[in-house]
Amino acid sequence: MQWRSVLLGLLLLRLGLQALLALLPALAPGLCLRRRFPFPFPPPPGAAGSSHWGSLLWRDGDGGGAAAGGDEYERRYSGAFPPQLRARLRDAARGMFVFSYDSYMQYAFPRDELDPLHCRGRGPDFRDPSNLNINDVLGNYSLTLIDALDTLAVMGNSSEFQKAVKLVIDTVSFDKDSTVQVFEATIRVLGSLLSAHIIITDTKQPFGDMTIKDYDNELLHMAHDLAVRLLPAFENTKTGIPYPRVNLKKGVPPDSNNETCTAGAGSLLVEFGILSRLLGDSTFEWVARRAVKALWSLRSNNTGLLGNVVNIQTGHWVGKQSGLGAGSDSFYEYLLKSYILFGEKEDLEMFNDAYRNIQNHLRRGREACNEGEGDPPLYVNVNMFTGQLMNTWIDSLQAFFPGLQVLIGDVEDAICLHAFYYAIWKRYGALPERYNWQLQAPDVPFYPLRPELVESTYLLYQATKNPFYLHVGMDILQSLEKYTKAKCGYATLHHVVEKTKEDRMESFFLSETCKYLYLLFDEENPVHKSGNKYMFTTEGHIVSVDERFRNSLWQDILPGEEDGTEKIKPNELKAVNFSSNCNRVPDERRYLLPLKSNYMRQIDRMVGLI
């Protein structure tokens, strides 16, 4: 009966261990206590025992240790990524673009967009001028063709690039009775024309032969024509902040709205600055820079934050929400990218101040991404004057921010924020337009094929070379194929839970989403191997970073530069008040998870994945 004695001993041992585990929280409160939504809303930052955004609290000095099942994440994401798989995914990303582009050309051109469910074209809604969702973007100028130009070049398709450029030159006119949003026309159309012009005239031709026979700067002239038609938006405003919309033929409509968003008015400097420096005409950079400085002067004296909607005549903040998503996102992006491109010291100083205030007032969670206690970092929406939480949702546009953090070297913080958005993607196979982190559910459930998560994934891979981000890209590509592919293109998801589709394929799917996916998997692309330095605009258009954009002849007449603004060399870039820098991602972590598995599991729980 010896086996009975052994069995009894094992049973007593198990009971003893269970009793010990039950006592552990009382004996050692620092060991892995988990609380789910301990507060209905997050307590103020710094409150004793606070869980900053109301979710799961880890209490481990080393970040929780290796929890049971931790190897699951390492098995899935760690180790080398097979080159054959990478090549197949590169080809799949190219195929996604080609299918969409060819379908647009077959069924929709010369209209602005393709309806991928019914295989037909879409233009402005002239019957309903109040349909801003359509009319802000579609100007009756073959938008998708223009927006896709530099993607053709990046993918090395010289014959189609040359054909598309000639089509644009021969068929597109901006002399149209179309009222468009200044911001959308600038980033999608003006930016793409300038990018394609730079590619055509590049003497090195890194993407292959993209030259156009007898090219006489036509795209640059078209960009100039469009920008001149946008200039009336900057006139007759008491603050210098432009009107949000302009009619391409008639100027600012008489019933124009005096309210505009911070991102829309303050994200014009890259495109307008490039145009000015290519033409040798300061006008465009001057008005765009004046708008940025006007917005900057309106920031809160208490927090240093900006709101998201302002009255262009009074300077009064109509929308007092300060966040990193819709209405604010690209304002911060272009402070940094304007510095990178033009080297103006004041742009970097504004960005550093903005980034410091964002860290002080918008950031919640533990101080470090990959160590310590508490919730993972998250950036929330707050009141610009008080810094108090305004709501418990974030939007998908904010997924661009990890990519911006990569550009300033705050890679560790970028890793955590990216992991949060990736967890939401894993749950739904897409990013809902708004996600409520308190309710663990979408507030606005549609997904219009946005690129921001792919963009940050690509930039994080370039910064870390960690194969984890190739796995993320593979997940995103597979989800797009599974849930958004339509009869003749890729369609907006009307509802990320139900996976119902809308009959719309926005042009940024071709200019950004497909491009970033392709570049993620194309290690040998000239973007990475040519020796040239490139920057992407907020619409994903590629621009070479070179000396000609750092030289201007009009420093004495730009607003606020009467004292002669100093230029900074690229290696003097320094962002302030971030918790870490790219030197904290050592080589030995290249094939490990960028975020420890216990922290990944923590984030997955927070979005309801497990």
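Would you call L459 over 19 Å from L595 (Cα atoms) and either modelled with pLDDT under 95 or assigned to a helix (DSSP H, G or I) (or both)? I'd like the intermediate steps shown before the answer.
On the way: over 19 Å from L595 (Cα atoms): no; either modelled with pLDDT under 95 or assigned to a helix (DSSP H, G or I) (or both): yes.
Criteria not met by L459.
Pairs only if they're at least six apart or on different chains, beta carbon under 6 angstrom, first in the stretch 237-256 and basic (K, R), second surrounded by fewer than 23 Cβ atoms within 10 Å (Cβ to Cβ) and not in a strand (DSSP E or B); list them, first residue then second.
Between residues of the stretch 237-256 that are basic (K, R) and residues that are surrounded by fewer than 23 Cβ atoms within 10 Å (Cβ to Cβ) and not in a strand (DSSP E or B), the close pairs are K238/Q313; K249/D177.
Does G489 satisfy the condition of being at positive phi, touching a Ser or Thr at 6+ places or on another chain (Cβ under 9 Å) and not aliphatic (A, V, I, L, M)?
yes
Report, by residue number, each residue of the stretch 140-156 that is small (G, A, S), surrounded by 24 or more Cβ atoms within 10 Å (Cβ to Cβ) and not in a helix (DSSP H, G or I).
Once the filter is applied, which keeps residues that are small (G, A, S), surrounded by 24 or more Cβ atoms within 10 Å (Cβ to Cβ) and not in a helix (DSSP H, G or I), the stretch 140-156 yields S142, A148.
Select from the stretch 110-136 the residues that are without any contact (Cβ under 8 Å) to a residue 40 or more places away in the chain and assigned to a loop (DSSP other than H, G, I, E, B) and list them in ascending order.
Correct list: R111, G123, D125, F126, R127, D128, S130, N131.
Could you list, in sequence order, the residues of the stretch 257-305 that are in a loop (DSSP other than H, G, I, E, B) and crowded, with 23+ Cβ neighbours inside 10 Å?
Within the stretch 257-305, S267, L268, L305 meet the criteria.
Out of the residues in the stretch 132-176 that are touching an Asp or Glu at 6+ places or on another chain (Cβ under 8 Å) and of a type in the set (G, A, S), state the one that is nearest to K213 (Cα to Cα).
That would be S158.
Being among the hydrophobic types (A, V, I, L, M, F, W, C) and open to solvent by less than 10 Å² (accessible area, probe 1.4 Å) is the filter here; which residues of the stretch 509-534 pass it?
F509, L510, C514, L517, L519, L520, F521, listed by residue number.
E371 is checked against (1) touching a Cys at 6+ places or on another chain (Cβ under 6 Å); (2) modelled with pLDDT under 95 and fails just one. What number does that condition carry?
(1)
The values are calculated or read from the model by the stated rules, or taken from the named source; none is laboratory data. Worth saying up front: this structure is predicted, and the values here are computed from it rather than measured. For neighbour counting, all protein chains shown are included, and Cβ atoms are generated from backbone atoms with ideal geometry for every residue, glycine included. When the accessible area is computed, the model is the full protein with side chains, heavy atoms only, and any ligands, DNA or RNA have been set aside. Shrake-Rupley method; radii C 1.70, N 1.55, O 1.52, S 1.80 Å.
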